[in-house]
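Bear in mind these aren't lab numbers, they're just calculated from the coordinates by the rules spelled out. From a predicted model like this one, the values you see are computed outputs, not experimental measurements. Neighbour counts are summed over all protein chains in view; Cβ atoms, including those assigned to glycine, are modelled from backbone coordinates with ideal geometry.
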C-alpha cells in the first residue's frame, strides 16, 4: 500500500470516527501534565529577536520557558529541530474556510444575528490544508454581501479533533461589516436598498439608530423596575437589535470589509458618531492614502500583499500598501481570504520585504502578532513568550521564502501535523490502527 493510499485510508477513517462521535483526542485531553522540549532551533520569537540554538519548554500546552540550551526536564518529550527555524503558528485574520455556501445571508442587508458557528463544518479539508501551511488560528467571517453581517468564530486548526475542540476558547466576539461594491451589487440586482454607496451608509446608520432606540427602551424599562414600578412593560426581545446593541456597547470587535480611502474615512466617522470602535479594515487596498488617519484611531488593516485589479474598487491597489501603512503607524496583517492563499501566508508576508523593505521581524508580525491583535487574542498567541499557548511551526527552510515548508505544526503543545508521517502527516491516525 503506497503512501497516498495509506493517507486516504486514514483520512476516511478519521471522518467516520468523527461522524460516530469519536473524535481524535483534543489538546485538553492529551496535554494534561505533558512536558515537551523543542531544542536546537532558530527560535524566531517575533517580540525579542531570534535565538540561535534556542529551546522552548512546553508544559500543559503553554510555553513555560524560552532560551538558549534550556535544561531538559526529566521525562519530557524532546523534539530536536536540527537547527531549523521555529516560529509561532501563523494566524489568518480573514478566512471563510469551513463555511461552505453559508458564508452570506444575502436576504437582508442587516443580519447581525447570524452566527457563523451554525455554519461551521469542522471536517472541511481546507482546515487541514491551512494547517499543513503552518496556520494554527483563523478568524472565520461572514461574507461581504451585507452592510452588517453575522458574528464570526475563531478556530484552532486541530484537524482530526472534534468540533468543540477546534473552537478558540475565550476568544472575543467579532462581527463583519461591509461597504462598497459588494452590498450595492447584491441588493441593487434585487432592485432594493442599498443599490448605491449612499444607500449602503443610509442602511447602516438606520440600523444603528434602531439599536440606540432599542437600548433606550430597555434602559427605561430597567429603570422603572428598579423604582418598583409594577406596571412597567417589558420591551420585546429582538436578536438583530440585541446584536447591534452589543456593537454599541463595545462587546463585539467590528471587522469591516472596505477598499476605498473615502469609505475608510466614512466608516470611521460613523463609528465615532455612534460611539463604537473599528477594530480593523479588511482588504483596505487604499489604506496607504489615509494611513495617518487609521493610525490616529488605532485601526488595523488586514490586507493582501499584491492581489489587485479584480474589481473597480481594487484598481488603486499597490504592493507597497502594507509597508507604507505600517511606517505611518498602522498595525498591518497579511490575510488569506482564500483557501489557496492560506497555504502560503508565509510567502505572502515575505513579499512585504521585497515591496517596501519590511524587516524580517516586521514581515513575521504581519502573519502572527498583528492578526492576533485584530482577533483579540494577542495575549494568547502570535509570539513565542512564556505563558502563551504552545502553537508553533518547525520549518524545513527559511520561513519567509518559497523554500520554507512546515515540517511539524504544534497546537497547544500537541503535534497536529508532521510531514514525515504517513497519512498526510496526521499523527492522531497511525498505520495499523
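Odds and ends about this structure:
- Shown for 360, 35, 286: other C-beta atoms within 10 Å of each C-beta, ranked fewest to most, produce the order 360, 35, 286.
- For the chain, the spread of Cα positions along each principal axis, largest first, Å: 67, 53, 45
- FRET efficiency for residue 340 and residue 69, using Cβ-Cβ distance with R0 set to 41 Å, rounded to 0.05: 0.55
- Among 371, 172, 406, the largest mean-square fluctuation in a Gaussian network model of the chain, built with springs joining Cα atoms closer than 10 Å, belongs to 172.
- Crossing angle, helix 261-274 versus the chain [Cα axis fit, 0-90 degrees, rounded to tens]: 70
- C-alpha long axis of helix 3-19 to longest principal axis of the chain, angle in °: 50
- A Gaussian network model of the chain, with springs between Cα atoms under 10 Å, assigns the largest mean-square fluctuation among 300, 232, 202 to 232.
- Peptides 255-261, 154-160 ranked from most to least packed give 154-160, 255-261, packing being the mean of other C-beta atoms within 10 angstrom over each peptide's residues.
- The shape of region 32-153 comes out prolate: with a ≥ b ≥ c from the C-alpha gyration tensor, a/c is at least 1.5 and a/b beats b/c.
- For region 239-276 versus region 59-113, the spacing of their alpha-carbon centroids is 28 Å.
- Spatial separation of Cα centroids for region 132-167 and region 305-376, in angstrom: 19
- Radius of gyration (Cα atoms) of region 157-240, expressed as a multiple of 2.2 N^0.38 Å: 1.70.
- Least to most buried among 191, 220, 267 (fewest other Cβ within 10 Å first): 191, 220, 267
- Note on 411, 51: ascending count of other Cβ atoms within 10 Å places them as 51, 411, the fewest first.
- Contour excess over end-to-end distance, with Cα ends at residue 359 and residue 218 and 0.36 nm allotted per residue: 45.6 nm
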